[in-house]
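Chemist: Mind having a look at this structure? Questions to follow.
The values are calculated or read from the model by the stated rules, or taken from the named source; none is laboratory data. It should be emphasised that the depicted structure is a prediction, and the values quoted were computed from it without experimental measurement. Here the Cβ positions follow ideal geometry from the backbone for every residue, glycine too, while neighbour counts run over all protein chains shown. Note: accessible area is taken over every heavy atom of the protein model, side chains too, but ligands, DNA and RNA are not part of it. Shrake-Rupley method; radii C 1.70, N 1.55, O 1.52, S 1.80 Å.
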Amino acid sequence: MIGIEPLLERFQYYPKLIQIVWLVVFVLLFLISLFVFGLKILRARLRKRDRFKASYQSEIESYLIEYIYNVEEGKSRKKAKYFFEKEIRNKLKRRVILSVMVKLRVEIVGETAKSIEELFLSTKLFEYAKQKLKSSRWHIVAMGIKHLTVFKIESVSNEVLKHINHSRVEVRREVQLYFLKLFEFEGLDFLNKISSPLSEWDQVQLLAVLDKFESQEITDVESWLNSSNDTVVLFAIKLCRLYNLFDTKNTALRLLSHRNVKVRVAVIRLLTYFQVSKAKNILKEKYAKLNLDERIAFFLMLEKLSQKEDVSFVLRYIEDVNFQIKISALKILKVLDKEKFKMIRDSCEDKEYSRIVEFVAYN
């Protein structure tokens, strides 16, 4: 074997470029070895941690069952409670305990569920969850709110409300679900505080939660219909339709002049559903100022609310450039004045238009 010293002496006579290349190779080999060694250690630690979590989870489950079902045996419950108070001081153990408790709380109901909620409140788990609300990391805040929701902790509602306009949508979503799941329809009062957009997905989630409540008596939505947040107004319009809040028709009529076209279109559809004839007359007068979406929505309204007096108005649009409006106008005319419709059908010379009229005639 060649010793190190002869190699070093020979290395000194290599050109500078070769020396640099060899040095880079040795450094890279060292770093790769270090990385592989570190990776092996990390994988070993993760495996050990997973094994610990699996075995520890079984232990926690047995203690929880002992605590939940030994309601009459005070000593057993005290023993279990002492165990949890001691164990949650360790961060990893606390996470395992919390995950098991969350899983059980989601799966069970009644007095058993209340036992878990009491344990959560009586140990420092509640304090840890509350502290998360003050974190500068959004995912920690969201997790804290989620845990407070699962265990139905109403006492921190003011602290949770502070995050209603958080910069992260994930946090805002957890706040919304917290108020709805804990306070049901009364929890919708957060809509008075929200200034950030309420996305379509958020609205779908909220409606899905509302649908699960036994009581379907919704609180007053007038303030939400008058909100400066357009997405809140759109959500309130959906609530009016779903819960048949006909008493909101006067406020809805005022929204026909709203600055946001999406709100105007949504409210036209709502007034159509409520069959408010007054809306028809308002829209006829301002038809020239309506945009295309509003005009289409208005003609769909006319299909349901039109009367004989609307014939002259409808006749102006039976050849409208927009196909949907044209079809709607012809449908309305067919219902209101069959003779006039037949006359147009018989006298039509344009083949393409004739096909449209024939389509309406047989549908």
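Chemist: What number goes with the only condition from (1) part of a loop (DSSP other than H, G, I, E, B); (2) of a type outside the set (A, V, I, L, M); (3) free of Cβ contacts under 8 Å to residues at least 24 places away in the same chain that Lys152 does not pass?
Modeler: Unmet condition: (3).
Chemist: Look through region 210-232, keep the residues that are open to solvent by less than 20 Å² (accessible area, probe 1.4 Å) and of a type in the set (Val, Ile, Thr), and return whichever of them is farthest from Leu245 (Cα to Cα).
Modeler: Val232
Chemist: On to the next question. Hey, among Asn260, Asn291, which residue is surrounded by fewer than 13 Cβ atoms within 10 Å (Cβ to Cβ), modelled with pLDDT of 95 or more and either touching a helix residue (DSSP H, G or I) at 6+ places or on another chain (Cβ under 8 Å) or within 28 Å of Ala361 (Cα to Cα) (or both)? Give the steps one after another, and end with the answer.
Modeler: Details: Asn260 fails: surrounded by fewer than 13 Cβ atoms within 10 Å (Cβ to Cβ).
Only one candidate qualifies: Asn291.
Chemist: Pairs please, first residue from region 211-234 and farther than 17 Å from Arg264 by Cα and of a type in the set (Val, Ile, Thr), second anywhere and open to solvent by 30 Å² or more (accessible area, probe 1.4 Å) and not in a loop (DSSP other than H, G, I, E, B), Cβ atoms under 7 Å, 6+ apart in sequence or on different chains.
Modeler: As it stands, the answer is Thr219/Glu186, since those pairs meet every condition given.
Chemist: Another question, if that's okay. Looking at region 345-363, which of its residues are of a type outside the set (Gly, Ala, Ser), open to solvent by less than 80 Å² (accessible area, probe 1.4 Å) and out of contact with any Lys or Arg (no Cβ under 6 Å at 6 or more places or on another chain)? Lay out the reasoning, then the answer.
Modeler: Just the residues of region 345-363 that are of a type outside the set (Gly, Ala, Ser), to begin with: 345-346, 348-353, 355-360, 362-363.
After this cut, where a residue has to be open to solvent by less than 80 Å² (accessible area, probe 1.4 Å) as well, the list is 345, 348, 353, 356-358, 360.
Answer for region 345-363, where residues must be of a type outside the set (Gly, Ala, Ser), open to solvent by less than 80 Å² (accessible area, probe 1.4 Å) and out of contact with any Lys or Arg (no Cβ under 6 Å at 6 or more places or on another chain): Arg345, Cys348, Tyr353, Ile356, Glu358.
Chemist: Follow-up question, since we're still on this one. Looking at region 156-168, can you tell me whether even one residue there is open to solvent by less than 50 Å² (accessible area, probe 1.4 Å), among the polar types (S, T, N, Q), touching a residue at least 40 places away in the same chain (Cβ under 8 Å) and over 26 Å from Arg49 (Cα atoms)? Working first, answer last.
Modeler: To start, the set of residues in region 156-168 that are open to solvent by less than 50 Å² (accessible area, probe 1.4 Å) comprises 156-157, 160-161, 163-164, 166.
Remaining after also requiring among the polar types (S, T, N, Q): 157.
Still in the list and also touching a residue at least 40 places away in the same chain (Cβ under 8 Å): none.
Within region 156-168, not a single residue is open to solvent by less than 50 Å² (accessible area, probe 1.4 Å), among the polar types (S, T, N, Q), touching a residue at least 40 places away in the same chain (Cβ under 8 Å) and over 26 Å from Arg49 (Cα atoms).
Chemist: Specify which of the listed residues (Val21, Val102) is at pLDDT below 80, surrounded by 10 or more Cβ atoms within 10 Å (Cβ to Cβ) and assigned to a helix (DSSP H, G or I). Give the derivation first.
Modeler: Details: Val102 fails: at pLDDT below 80.
Answer to the selection: Val21.
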